[in-house]
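Take a look at the structure below.
The values are calculated or read from the model by the stated rules, or taken from the named source; none is laboratory data. Computed from a predicted model, the values in this text were never measured in an experiment. Methodologically, a virtual Cβ is constructed for each residue, glycine included, from the backbone with ideal geometry; neighbour enumeration extends over all protein chains shown. The protein model used for the area step is the full one, side chains on, heavy atoms only, and it has no ligands, DNA or RNA in it. Shrake-Rupley method; radii C 1.70, N 1.55, O 1.52, S 1.80 Å.
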Number of protein chains: 2
Amino acid sequence: MARVISLLEDGAADGRSVIRDLWPHTGRALTVGLTGPPGVGKSTLSAALVTFLRATGETVGVLSVDPSSPFTKGALLGDRIRLSDHFLDPGVYIRSMGTRGHLGGLAEATFLAMRVLDAAGKDAVLIETVGVGQSEIEVASVVDVVVLVLQPGSGDAVQALKAGVMEIPDVICVNKRDHPDAHAMRAELTRALSLSLATSRPPVVETDARDGSGVEELWATIVRRRDALGADGLAERRRQSLARELRTVAIARAAARIGVMLDGDAVVGEALARLDARALDPLAAVEVLYRAAFGE
Amino acid sequence: MARVISLLEDGAADGRSVIRDLWPHTGRALTVGLTGPPGVGKSTLSAALVTFLRATGETVGVLSVDPSSPFTKGALLGDRIRLSDHFLDPGVYIRSMGTRGHLGGLAEATFLAMRVLDAAGKDAVLIETVGVGQSEIEVASVVDVVVLVLQPGSGDAVQALKAGVMEIPDVICVNKRDHPDAHAMRAELTRALSLSLATSRPPVVETDARDGSGVEELWATIVRRRDALGADGLAERRRQSLARELRTVAIARAAARIGVMLDGDAVVGEALARLDARALDPLAAVEVLYRAAFGE
């Protein structure tokens, strides 16, 4: 799996044919996105979910696309998150995703890695991403169930939910539930959700990932959410997810192409110089750039 | 001004020729981005800055691209923000930006509106955007000085600064400084900035926008920040901003093109159906979409 995912991160032709071959064997895994601000304990929660799932006999893959994650920072063996417990367990696969210069970027590599883990027979695939903005959540939203992880003090995220700036997730997990401000947080969140314009209110589950409390309930809530969709609902959701995935990856590729032109194309460079000298206006310069990138 | 900006929002050909004509007359205004999570008081702060600037005799334009802003929600005449005080003042222009279906989207319309206000002789142009993610800040970063507005309780944003997930702004403004948690917030922010890997630490100014306290100091800090760049430094910063602007607008146009193909193109629709039936893999489907959009 590690080798295949590396091929996909590199955008290698071998990776392409692997995806073609394994695509018909995907769709069995329950895919879950864990998103939220940095520091709320998403990595610890992933580790706690892995422990819980392994105890029930399920196999699991974890993909981290969070640059602030202890996973990504290489603290895989840190005592705190205890992922070392799972290191020799063949039923667990953990990987922090990188771009490695591939055109479609992190999003594309992550979507494909998710399929590799799915086709390899993992029962659950968790994708951990950081952020409260739309773009950060995008990667985590091409999954069966999106969990927004907050902690007491996540006032900005709660405001964003309330203001309709952030999409309502499927499940909200308030981690660090023993924090002194947890009660205030819960009240604020309930108020925000009742004020938001969304039609459905997501269930709120409280956890303390460090000792695993609430993690079983969190997983049960995730599974219930998926099951509530029914077979048709899940198929429809996955159809919509696929279209969103294509959109995200195509835009990432277009953005990479635009970046290449901006950095190195002679015609674009000349336009930038003329723009700077105020001999060319920004709209005309955009058109030069767009034409250089896409030949229209 | 209102009519020209509407033309630009519509992407009308007349708007294009206006931009060509006024472009040589831009570059005089001090442009400031106010960004930050919803609910921290960015609109009230904009109003307080307008009051302060008008008292010193400067003219000012305000562009709001914040869907959660009281401006954007049409509460322009709300007592709280007192923008009504400025309504008959020809030295003030206030507008909430919309996309109105234009290809380059909100970012493009906002960048161009900024130039209209600049060329029209406004001494200062403020751009208010919501968000703590990179994409939201993008619009506000094509300015001379970026101000991140926080309030006590903005724990997520402080974590994002600390984790390096959010870019370090030029100035940080802690609004609602009389809030009981303001002291804790200040300590947390100082710790976060000292831990962050950024080489330069932005000045932190405390305000209470509702009574205008600290607003004079905030503006002085913004001006100092701009002046510290020197003429060459400012010219270089604007060069980089222009390149970033072209990139943002070209990507927005490419994304719009991809969206159109995804929604209506027959070949793409067929690819989606085959994808759904697992007869086509996602990488192959992305290539169909990309080709449909850009003809490669």
Report summary line: So, with points 7 Å from each Cα along the Cβ direction, the A:Ala235-A:Ala266 label distance in nm works out to 5.6
Requested in this report: Would you look at the GNM of chain A, springs on alpha carbons closer than 10 Å, and say which of A:Pro282, A:Pro203, A:Pro37 moves the most?
Outcome: A:Pro282
Report task. Provide, for the protein assembly as shown, the number of lysine pairs with alpha carbons under 15 Å apart, each pair being eight or more places apart or on different chains. Result -> 6
Report summary line: Between A:Ser213 and A:Ser6, the two model label points (7 Å from Cα along the beta-carbon direction) sit apart by a distance in nm of 4.3
Query raised in the report: Among A:Val125, A:Val146, A:Val286, which one shows the biggest mean-square fluctuation in a GNM of chain A, springs joining Cα atoms closer than 10 Å?
Result: A:Val286
Requested in this report: Considering the convex hull of the alpha carbon atoms of the protein assembly as shown, report its projected area averaged over all viewing directions, in nm², one decimal.
Outcome: 26.0
Report summary line: Answer in debye to the nearest 20: the dipole magnitude of chain B about its Cα centre, from +1 Lys/Arg and -1 Asp/Glu charges placed on Cβ, is 260
Report summary line: Computed ³J(HN,Hα) along the range B:263-276: with the Karplus parameters 6.51/-1.76/1.60, θ = phi - 60°, integer Hz and x for glycine or proline, the list is 7, x, 6, 5, 5, 5, x, 5, 4, 4, 5, 5, 4, 4
Report summary line: Percent antiparallel among DSSP beta bridges confined to the protein assembly as shown, nearest 5, equals 5
Query - Across the identical copies, how the A:Arg191 labels are spaced - nm, sorted shortest first, 7 Å along Cα→Cβ - result: 2.5
Query raised in the report: Can you give the charge dipole size of the protein assembly as shown about its Cα centre, rounded to the nearest 20 debye, using +1 on the beta carbon of Lys and Arg and -1 on the beta carbon of Asp and Glu?
Result: 120
**Report entry** Furthest towards positive pole of dipole, A:Leu49, A:Leu275, A:Gln240, structure part chain A, Cβ charges
**Finding:** A:Gln240
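Could you tell me the total accessible area buried at the A-B interface, probe 1.4 Å, in square angstrom to the nearest hundred?
It comes to approximately 5500 Å² buried between A and B.
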Report summary line: Contact-by-burial set, the range B:155-178, min loss 40 Å², accessible area of protein heavy atoms with 1.4 Å probe, reference chain alone, gives B:Asp156, B:Gln159, B:Ala163, B:Val165
Query raised in the report: Could you state the principal axis extents of the C-alpha atoms in the range B:102-250, from the largest down, to the nearest angstrom?
Result: 43, 33, 31
Report summary line: Here the correct list, in nm and shortest first, of distances from B:Asp276 to the same site in the other copies, label points 7 Å along Cα→Cβ, is 5.0
Report task. Please get the size of the charge dipole for the range B:247-294, origin at its Cα centre, with Cβ charges of +1 on Lys and Arg and -1 on Asp and Glu, quoted in debye to the nearest 20. Result -> 240
Query - Heavy atoms of A:Phe52 accessible to a 1.4 Å probe, total area in Å² rounded to 10 - result: 50
Requested in this report: Would you mind telling me which residue in A:Asp144, A:Asp181, A:Asp276 has the biggest mean-square fluctuation in a Gaussian network model of chain A, where springs connect alpha carbons within a distance under 10 angstrom?
Outcome: A:Asp276
Report summary line: Of A:Val204, A:Val165, B:Val268, ordered by accessible area with the largest first and a 1.4 Å probe, the sequence is A:Val204, A:Val165, B:Val268
Query raised in the report: Using a 1.4 angstrom probe and counting only protein chains, how large is the accessible area of B:Leu7 in Å², to 10?
Result: 50
Report task. Can you send over the carbon and sulfur percentage of the accessible area for the range A:139-296, probe radius 1.4 Å, protein chains only? Result -> 51
Query raised in the report: Just in the range B:201-294: which chymotrypsin sites (Phe, Trp or Tyr not before Pro) are loop by DSSP and have at most 13 other Cβ atoms within 10 Å?
Result: none
Query raised in the report: Roughly how many nanometres apart are two label points built 7 Å out from the Cα toward the Cβ at B:Asp276 and A:Glu58?
Result: 2.7
Query raised in the report: So what's the net charge close to A:Leu189: Lys and Arg +1, Asp and Glu -1, counting the other residues with Cβ under 11 Å from its Cβ?
Result: +2
Report task. Can you work out the accessible area per residue across the protein assembly as shown, with the rest of the protein chains kept in place, probe 1.4 Å, in square angstrom? Result -> 40
